[in-house]
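What follows is a single structure, written as structure tokens, with notes after it.
Read-outs throughout are calculated quantities, based only on the coordinates presented, and are distinct from any laboratory measurement. Owing to the predicted nature of the structure, the values given are computational and were not obtained by experimental measurement. Because the Cβ atoms are built from the backbone with ideal geometry, glycine has one as well, and the counts that use them run over all protein chains shown.
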Amino acid sequence: MKNVYDILTERGFIEQATHEEEIRELLSTESVTFYIGFDPTADSMHIGHFLQMMTMAHMQRAGHRPIVLLGGGTTMVGDPSGKTDMRKMLTQEQIQHNADKFKVQFSRFIDFENDRAIMVNNADWLLKLNYVSFLRDIGRHFSINRMLSAECYKERLETGLTFLEFNYMIMQSYDFLQLYKKYNCKMQMGGNDQWSNIIGGVELIRRVEGASAYGLTYTLLTTSEGKKMGKTESGAIWLDPEKTSPYDFYQYWRNVDDRDVEKCLALLTFLPMEEVRRLGSLEGAEINNAKERLAFELTNMVHGEKEAKKAQAAARALFSSGSDLQSAPTTEVARVEMEQGINILDLLVKTGLTSSKGEGRRLVQQGGLYMGEERVETIDLMVTDKEFTDGTLMLRKGKKVYHLVKLI
């Protein structure tokens, strides 16, 4: 049977490892308890989290035990890694609400039955700490000089790093120590931006327990141009269908750059690598078949087969100018309102196709807005019920973003 380390390497996950050969040997000889931390800063996880969930799923399928660590305590401080300014402060009630949402989403991807995975919250130990005792017992193991050399701190020194955030590395390291003591957790995994924090935990366990612990980082989900994937003009791609509809989720993956298809299939699906390479090698119009497969596989995993099929049918109908548009993003408007007429810019904001009138104005002026098959030529256009066919009107932004307006 293939070692999970080789599986993760082949699929493009692994970026850095504290002890590569030792980790590979460990994963081939015993069932390893490992953890990944998730700070619940929002009420849903996004596609960046999904990459981490896939890492956990691969590990669990290979017989290892994941610990999902919810950062109820660390979220009150905020990780400075990759941030240009201080994170918004949340109340304990907000953090708990978000953590509860995370738990529901995790249950779709990780099996928690019969202790095959564990979910814990670091608020259980961090919020009970005695500050002076913590400094004496834990803080003495950390060198300020080494901490300041870490990328997560170096990038912030010029713009300003608060003492609050400076504590984050110590707190995350302490998490690893606690999980080692409670669950014999020997490995921490995380995004490549967590490297310095992970090393801190590995070193702390060595100093306090005299034991070996390991760290592994995986690639961040970026496009071929190096930009973070999962962001759109309207914001992040969320896993919650109330925040990103299954249709919009499907369409995001259906429209990824040709160069990113193979990487996304490898990292975000369980398709065999032979199939991933075959689909990734398609060229010309055929690459759209690979994109459809990617979009369907991901939507199926996140939202279920029923929603995936609905999104696929709606997308195909739109591309072929078909009539089955029930699953397309839809805004209902009162018939009486449309009898009086509404300015096209107001309609764009109302449907969410643009976030502001200014954005809508630029869209029209650049020739990127269509009503039906006709390009909208003026920002002064008044849309009335006369433009609707059978009570519906299709708006299109650019080549691929559709929105249905329906009279009620």
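Working out 0.36 nm times the residue gap between residue 408 and residue 359, then minus their Cα-Cα distance, what length gain in nm do you get to one decimal? Numbers along the way, then the final one.
Values: separation 49, 0.36 × 49 = 17.64 nm, distance 2.71 nm.
Once the chain is fully extended between residue 408 and residue 359, it gains 14.9 nm.
An ellipsoid equivalent to the range 4-218, defined through the eigenvalues of its Cα gyration tensor, has semi-axes of 25, 21, 17 Å when rounded to whole angstrom and sorted largest first.
Would you calculate a helix-derived [θ] at 222 nm for the chain, using -39,500 (n - 2.57) for each DSSP H run of n ≥ 4 and dividing by the full residue count, to the nearest 500? Mind showing how you got there, number by number?
Values: 19 runs with 185 residues, N = 408.
The per-residue figure over the chain is -13000 deg cm²/dmol.
Hey, in the GNM for the chain with a 10 angstrom Cα cutoff, which one of 377, 165, 305 fluctuates hardest? Among 377, 165, 305, the largest mean-square fluctuation in the Gaussian network model of the chain belongs to 377.
Nearest 5 percent is fine: what portion of the DSSP beta bridges confined to the chain is antiparallel?
Details: 21 of 42 bridges.
Expressed as a percentage, antiparallel bridges in the chain total about 50.
Computed packing ranks the peptides 250-256, 178-184 as 250-256, 178-184, most packed first, by mean other Cβ atoms within 10 Å. With N the number of residues in the range 231-319, Rg(Cα) / (2.2 N^0.38 Å) evaluates to 1.03. Using R0 = 45 Å, the C-beta based FRET efficiency linking residue 94 and residue 10 works out to 0.65.
Using equal-weight Cα scatterers in the Debye expression, the normalised intensity of the chain in log10 at q = 0.10 Å⁻¹ is -0.77.
Ordering 102, 138, 270 by the projection of their Cα atoms onto the charge dipole of the chain, which places +1 on the Cβ of Lys and Arg and -1 on the Cβ of Asp and Glu, puts 138 at the extreme positive end.
Any of 291/397; 228/309; 101/291 with alpha carbons more than 22 Å apart? Name them for me. With Cα atoms farther than 22 Å apart: 228/309; 101/291. Once both labels are positioned 7 Å from their Cα atoms along Cα-to-Cβ, the gap between residue 316 and residue 104 label points is 3.1 nm. In a fully extended conformation the segment linking residue 350 and residue 400 would gain 16.1 nm over its present Cα-Cα distance, using 0.36 nm per residue.
Taken about its Cα centre, the chain carries a charge dipole of about 480 debye when Lys and Arg each add +1 at the Cβ and Asp and Glu each add -1 at the Cβ.
Between the residues 212, 302, 50, the greatest Cα displacement towards the positive end of the dipole of the chain, with unit charges on the Cβ of Lys, Arg, Asp and Glu, is found for 212. Taking only the alpha carbons of the range 330-407, we obtain Rg and Dmax values of 11.2, 31 Å in that order.
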